[in-house]
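Take a look at the structure set out below.
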Amino acid sequence: MQSERDDRFAQGRRREVRGRPSMAAPALVIGSIVMIVGALLDWATGTGGTTVFGVQTTTSGLSGYSLVDGRIVGALGVALLIAGLLMWANRRLDSWFDSDLLGIALSIFAIAQIGMWLADINNEALSADYGVYVSLAGAVIAFIGGVVALFGSRSERATTDSDRPGDVNERRVA
């Protein structure tokens, strides 16, 4: 009798349960790669304010990697890439709500950093170059992907039905 009950219990535990990767993972990975590439491209061109031996120095192009703001955006891109790859590789039964929020938060930080840099660049003799806009586009891609996934996972979180009270996720198998 006991062994029969143990066998049924073991069979129930051996049942394969499949989750799903996050809906935001592809957008986060693509957006983060675009952000990292943009951080390595030129962010500013123009004339600098320094004079060396009476000669005005000109800046043909400052890459994002040579600027502190570009390094911060590149680091945020690497963090988004790691988070997106982990979200894509792992499968969950429950909602990806918290991970989607992480992607949204990191992309908002990148958008804010780029926006502050663009507002500050007007005070200097430099003009923004294509690299900053590429990084901004990558951050926006990651943000939109995170928001779309967040609204998509909202329906899976804590919805209940009237026939059998409780969390729907507890009864869902695939």
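The values are calculated or read from the model by the stated rules, or taken from the named source; none is laboratory data. All values derive from a computational prediction rather than experimental measurement. All Cβ positions, glycine included, derive from the backbone under ideal geometry; neighbour counts span all protein chains shown. To get the accessible areas, we keep the full protein, side chains included, count just its heavy atoms, and leave off ligands, DNA and RNA. Shrake-Rupley method; radii C 1.70, N 1.55, O 1.52, S 1.80 Å.
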Any hit, the range 42-52, residues being modelled with pLDDT of 70 or more, within 19 Å of ALA112 (Cβ to Cβ) and either open to solvent by 60 Å² or more (accessible area, probe 1.4 Å) or not basic (Lys, Arg) (or both): yes
Inter-residue pairs, beta-carbon under 6 Å, first in a helix (DSSP H, G or I) and of a type in the set (Val, Ile, Thr) and in the range 113-126, second at pLDDT below 90 and surrounded by 12 or more Cβ atoms within 10 Å (Cβ to Cβ), 6+ apart: ILE121/ALA128
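One line per residue, one yes/no per condition, for (1) at pLDDT 85 or above; (2) closer than 16 Å to ILE30 by Cα; (3) of a type outside the set (Val, Ile, Thr):
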position	(1), (2), (3)
ILE72	yes, no, no
LEU81	yes, yes, yes
ASP98	no, no, yes
PHE109	yes, no, yes
ASN123	no, no, yes
ALA137	yes, yes, yes
ILE141	yes, yes, no
ARG154	no, no, yes
THR159	no, no, no
Residue identified as under 12 Å from the mean Cα position of the chain (by Cα), modelled with pLDDT under 95 and open to solvent by less than 30 Å² (accessible area, probe 1.4 Å) among GLY146, GLY131: GLY146
